[in-house]
Each structure stands twice: as C-alpha cells, then as structure tokens.
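Note sheet for the following structure.
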Amino acid sequence: MGVLFDVFFVLGVLIIAIMNGSEIIYYSQLNGYNVSSLWRSFFDKVKDNLLNIFMCIVIIVTMYIVNFQNIYYELIYLLVTIGVWCWAGNQFAYIKKIKYTKRAIRQSIVFLILTIAVAILFCYIHSFYLAIGFPLCFFLNYIIYFLTMVLLFPIEKLIGAIYLSKAKKKLRKHNRLIKIGITGSFGKTSVKEILNSILSQEYYTLATPKSYNTPFGISKTINENLENAHEIFVCEMGAKKRGEINELCKLVDVDLGIVTAVGRQHLSTFGSVENIYKTKKELPDYLYKKLCVFNLMNFYTSLMYKDFVYQKIGVFILKHRAIAGNKFVVKNKQVGLIAKQARRAVFCEYTKLNNVYAKNIKAYGAETTFDLNYNGQFVCKVTTALLGVHNIINILLASALAIVLNVSSSNIARGVKNLKSINARLEKKQNENGAIIINNGYNSNIDSAPYALSVLKLFDVKNKVVVTPGLIECKDDYKCNYEFGKLIAKHATEVIVVKKKNRQAIVDGLKSQKFPSQRIHTVDSFESVKEVLSKSTKDYVFLIENDLPDNFR
C-alpha cells in the first residue's frame, strides 16, 4: 500500500507541476525570462490565492493535530487533493499559451525532470508527512523553476553567443548588403514596414519581422532568412537600457540610420528621458561619416539632428497657410487635425534644403494625400490608407531614406499606397454592422497617445469610444495614466477601461475633466469587450489604445 501511495504522490506532483509550471513558464516568457519578474509573479499569485493558501494551512494543521496515520485515509486524502487541484485549477490552459521556442522546450524538460527527481526523493519521507505537505506543491514549483533557470543559465549564454557569432559571420560574408538601422521610442515598426514596402519596389529586401528588435530576434532573422541575393537589410532596434542600441549597431554594422522619436517609454527601466535620449542617440553616434534621418517634429530627435555632423536629412510637416489653418478636409467638412488645446507645434518650419517635408495635406474618407518634397523640390503626391499625423511623419522618414537610395518617385508613391495597414498600429477594420474599429494595441505611451487619439477627429460619427488598459513602464504609473485619462476626455464620448492595473488613475483623470461617470465603463479583460465591438452599429468608432500582456491584471 505504501508503494501505491508513493506512485500516486509522484503522479500528483507531476500533474500539478504541468498545470502550475506551464503558467510559470508562460509568464516568465512574457517577462523575458527575468528572475526578478519570477518572484514578482510568485507574490502576485500568493495575493490572488490567499483563501486557497489559508485552506491549505487549515488542512495541514488539522491533519497534524488529528494525526491520521492510516495509510488508506492518507491515500484517499491525496487523491481528493489532486482532484481538487485539477478541478479548481486552470485546466492546463497555459500549456497552449506558451510559445514553444527551443529555450521554452529546454526549460520545460529540465523543470519536469527536476520535479520528478524531487518527488521521488520525497518518497523516502513518511507518507503522513507527504500528505501534510502535498498542498505546498504550489511553492515547490517556483523553487524548482528557479533552480531550472540557474542550471540552464550557462547553457543559454553559450547558445546566445554562438547564435550572435553565426549572425555576425554571415553578415561579414555579405559585404555588399546595405544595412539600415531604425530606432526610437515609438514608430520603429511602422517606419520599418513603410520603408520595406517602398524599397522592395526596386530592391530585394529583408526586414526584421513583427517586433524582432533584440539581439536574438535580429540574429534569428539573419541566420534563418538572409540570402546572398538580398540587397538591403532593414533592421528595427529596440532597447530597455543604455548600451543596447550600440550593441545592436555593432552586431549589424549599420550603414544608414533613422531615429523616429524620443518619448517617455520604458521609464521604469531607463529611469529618465535623458537616458532614453542618450540610448537612442547611440545609433547616430555609431554612424561615423554615414547618413542618418531624423524626425524634426520631435524635440529630442531635432537636438540629435543639430548635433550630428555628418550627412543628415530631417523630416517635418510644413507649416503653411495653404493647409487651411492646419485642418484636414474630410467628406467636405473642415475638421481640426488636433484639439483646441493642441499642438500647433506639430507643424514646424525648418530649412527646406536637404530636408524632406510634406505640404498640402488632405484626408478624404479612408485616404490621406499630401505632396512629398525634398530639397525644396516636389517629388511626388503620396496617397496612404494609414491613419494619423504621426504616420505622415513615418512615411516622410521612410521616403527620405528611399530618396538617398535613388528609389524613383513613382515607386515611393507606389510603395506607400500598397501598404494598407500595419498590425495593431492604428489598424482600421469594420464589423458587419459598419462600426469602425481602430486597433492601436501595440505598446502605446504618453507621447504617442495624443497622435493616436487625434485620429478620432477624422470620423464624423456620434459615438467615439476609447478602449484601453492604460499605459505601463512609466516612471510614475498613476501620474502617467491620470494625464492619459485627461487626454482621452478631450477626444472620446465614451471610455471602456480594461483590467484593474491603471483603472483608478484613468477614471480620476477623466473625472477631473468632468467626463460623465455614466460614460465610463470598467471590465476585467478584453474578452468582455468583444461582444460590444461585434454588435455596434455604423454610428460608432472604437479606438483600442494599447494592450497589456497577461502578466498585468
């Protein structure tokens, strides 16, 4: 009977490890396999399960006091406890959510081996004490996963070094390849997609997919996708601390660069905007006697432009009286591009010499047109389905580099027009009833949010709804989301605040602008909003502003 108990104990520990461990690995993956985030998720889990933990303590204390030493009772108790775990748990849902990279597979295998080994070792303990300690498997799983990370650390470092070395070697062999680096607090992916669309009209190009902007993401693209026939490599470069952009520049050995913007993004890791500025500046600093393109409509990147002593191009939207008082024309109605309190400074005047700029901007329904000019001369008329002022800036940044690479004006216009939308970046869709849904769910911040919110002004509908969980990685999350709430109040008629993390701050910000309480709705997940999005009618436009991964509640 004792052997049977041991077998069920090991199986029970293994079942709970698969169920609970898959959740741990999933959240660890979301946080970049960071040790500190592992313990943060552990404490969050404890807070969310205080009642369960209390019941475990009651069971343990009760068994110890009553001292049930009967092996049959202990076996029944063990089976019931396993059943309760499986019934009350997540039914192994996180197994499907894990992205099974080679690293995740390695971790899963080592985690399960260690779990089985520990469970077998525990079998040398008296079955009574095993029964008492069984509810503590929850804590055991975190300790075993931490041990897994420690054991695999040197292996991961070695694999990473080999992977990076292989990518560098492949690039060195491809000595005719033009390598373009794009960095900035926001707009990187959009500029990359636009530039790749334009350049692919005349060149055989390769661009990093999605948001692959880390050393391993870029290396993976090079190792798996770069061919001898490729002529241009467009590389998005992201960072969360000083030195990381320089590391990417050395990895790729960039020939040309674009700096999109500097904003208050990742302040929780950078610490200050000054550190963000210095980090993004690592790209132009690397481009010794080479060319870099700068967004002159962002204060910090305009400073970089002034400091850069080599060949440079700035882009801006021309402040000109001919733009109908800074207004778009939408369905024959004059609609302000931005709110009254807004930022006329979004239009600016720089020298036209050696710079790229847009003028005569007009929007007709789903399309925006403007004249693209370089060095004081008309280049082409651009038509785009991409929404928002900042996408005009993104098009100018991409077009500037295309001009440097001698892409024809017709191909610049064609490349921009071919790009219908960019995933989760003001991506416009329509439901069956005609309601407009604009998905700007990717990584918004307090500096890019005004551009996204101003897009609502392009739609002549009664109901303008912002759906948002708020902003993260701010220096002060409450203050940032309070300001965000105030911004939303100027553009929306209704707000749906998703998840709890930033709920109070956003609501407080909205109410400070006397936004009606009955038009503020709160839900715990995006699943709760899907029915509203699918059933709304054509007098609604929804802006989904930012998304938060599952590790934020």
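Here are the numbers:
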| quantity | calculated |
| --- | --- |
| Condition check for ASN502: on the phi > 0 side of the Ramachandran plot, modelled with pLDDT under 90 and touching a Pro at 6+ places or on another chain (Cβ under 9 Å) | no |
| Failed item in (1) open to solvent by less than 60 Å² (accessible area, probe 1.4 Å); (2) farther than 25 Å from ASN423 by Cβ, with SER536 passing the rest | (2) |
| Single residue of the stretch 293-321 satisfying the filter (open to solvent by 60 Å² or more (accessible area, probe 1.4 Å) and over 27 Å from the mean Cα position of the chain (by Cα)) that is modelled with the lowest pLDDT | ARG321 |
| Counted residues, the stretch 482-505 - those being in contact with a Ser or Thr (Cβ under 9 Å, 6 or more places away or on another chain), under 22 Å from VAL273 (Cβ atoms) and open to solvent by less than 40 Å² (accessible area, probe 1.4 Å) | 3 |
| Subset tally (residues that are assigned to a loop (DSSP other than H, G, I, E, B) and more than 18 Å from GLY441 (Cβ to Cβ)) for the stretch 501-541 | 6 |
| Helices (runs of 4 or more DSSP H) completely within the stretch 134-241 that count 1 or more residues being touching an Asp or Glu at 6+ places or on another chain (Cβ under 6 Å) and open to solvent by less than 40 Å² (accessible area, probe 1.4 Å) | 188-199 |
| The stretch 373-402: number of residues that are in contact with a Ser or Thr (Cβ under 9 Å, 6 or more places away or on another chain), among the polar types (S, T, N, Q) and either farther than 18 Å from TYR350 by Cβ or outside any helix (DSSP H, G or I) (or both) | 3 |
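Conditions (1) at pLDDT below 95; (2) hydrophobic (A, V, I, L, M, F, W, C), marked per residue:
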{"residue": "LYS173", "(1), (2)": "yes, no"}
{"residue": "GLY181", "(1), (2)": "no, no"}
{"residue": "GLY187", "(1), (2)": "yes, no"}
{"residue": "ILE198", "(1), (2)": "no, yes"}
{"residue": "THR205", "(1), (2)": "no, no"}
{"residue": "THR214", "(1), (2)": "yes, no"}
{"residue": "GLU227", "(1), (2)": "yes, no"}
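The values are calculated or read from the model by the stated rules, or taken from the named source; none is laboratory data. For clarity, every value in this text was computed on a predicted model and none was experimentally measured. Don't worry about glycine lacking a Cβ; one is built from the backbone with ideal geometry, like all the others, and counts go over all protein chains shown. Each accessible area value is taken on the protein alone, full model and side chains, heavy atoms only, with ligands, DNA and RNA left out. Shrake-Rupley method; radii C 1.70, N 1.55, O 1.52, S 1.80 Å.
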